[in-house]
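Written out below as structure tokens is the structure these notes cover.
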Amino acid sequence: MLADTAAPSRIRTGIGILNSRLHSIGLKIFAVIVLAHWAEHLTQAVQIYVMGWPVPEARGVLGIPFPWLVTSEWMHYGYALLMLVGFILLRPGFTGKSRTWWNVTLGIQVWHHFEHLLLLIQALSGAYLAGRAVPTSLIQLVAPRVELHLFYNALVTIPMVIAMVLHARADRADNAAARCACAVER
């Protein structure tokens, strides 16, 4: 009999465990990462629009002591990649309408990741889009970078929050198929 030596079921794999008994904690950690990133962008916006700082000086919270964080395309790309991986790894835990909203977020993050990959390639090659003096994303051709990143973060965060709220509601019939206890832990 091969029952004991067969490949482990999906529920016993790392992704299966993450999307069953560890889904709630995984989502909480992911939410903290997203909120911390939002705090950086919102602080930068306050520095520019409320405090009147010039854009190069408005570096958020961590960018003040570590200015290279703001100018590092590697750091920005790494965060975009981390987000993409997080959305992919946590996706199997969602069902029904919450999964639909999570998929919307994932799709938006795929584009956001592509934009950061484009920026990184330009930074590494020294060849900038449309003859600009600095790495430039496609949408940045029509919108300033600070405002564009606030917009992208809103586009990613809003459907993510909708997905998480729907996923956490125990009264939703489409949550019955979920393998995690997110909807009953409240």
In the stretch 56-86, which residue that is touching a helix residue (DSSP H, G or I) at 6+ places or on another chain (Cβ under 6 Å) and touching a residue at least 40 places away in the same chain (Cβ under 8 Å) is nearest to PRO144 (Cα to Cα)?
ALA58
What residue, among those in the stretch 84-98 that are surrounded by 15 or more Cβ atoms within 10 Å (Cβ to Cβ) and under 11 Å from the mean Cα position of the chain (by Cα), is nearest to VAL110 (Cα to Cα)?
LEU84
Across the stretch 53-83, which residue is nearest to HIS23 (Cα to Cα) among those that are within 14 Å of the chain's Cα centre (by Cα) and surrounded by fewer than 19 Cβ atoms within 10 Å (Cβ to Cβ)?
LEU82
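For (1) at pLDDT below 95; (2) assigned to a helix (DSSP H, G or I); (3) closer than 26 Å to GLY78 by Cβ, each residue gets a yes or a no:
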| residue | (1), (2), (3) |
| --- | --- |
| PRO8 | yes, no, no |
| ILE17 | yes, yes, yes |
| ALA39 | yes, yes, yes |
| LEU42 | yes, yes, yes |
| TRP53 | no, no, yes |
| ARG59 | yes, no, yes |
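The values are calculated or read from the model by the stated rules, or taken from the named source; none is laboratory data. Here the structure is a predicted model, which is why all the values come from computation and not from measurement. Neighbour counts run over all protein chains shown; Cβ positions are idealised from the backbone, glycine included.
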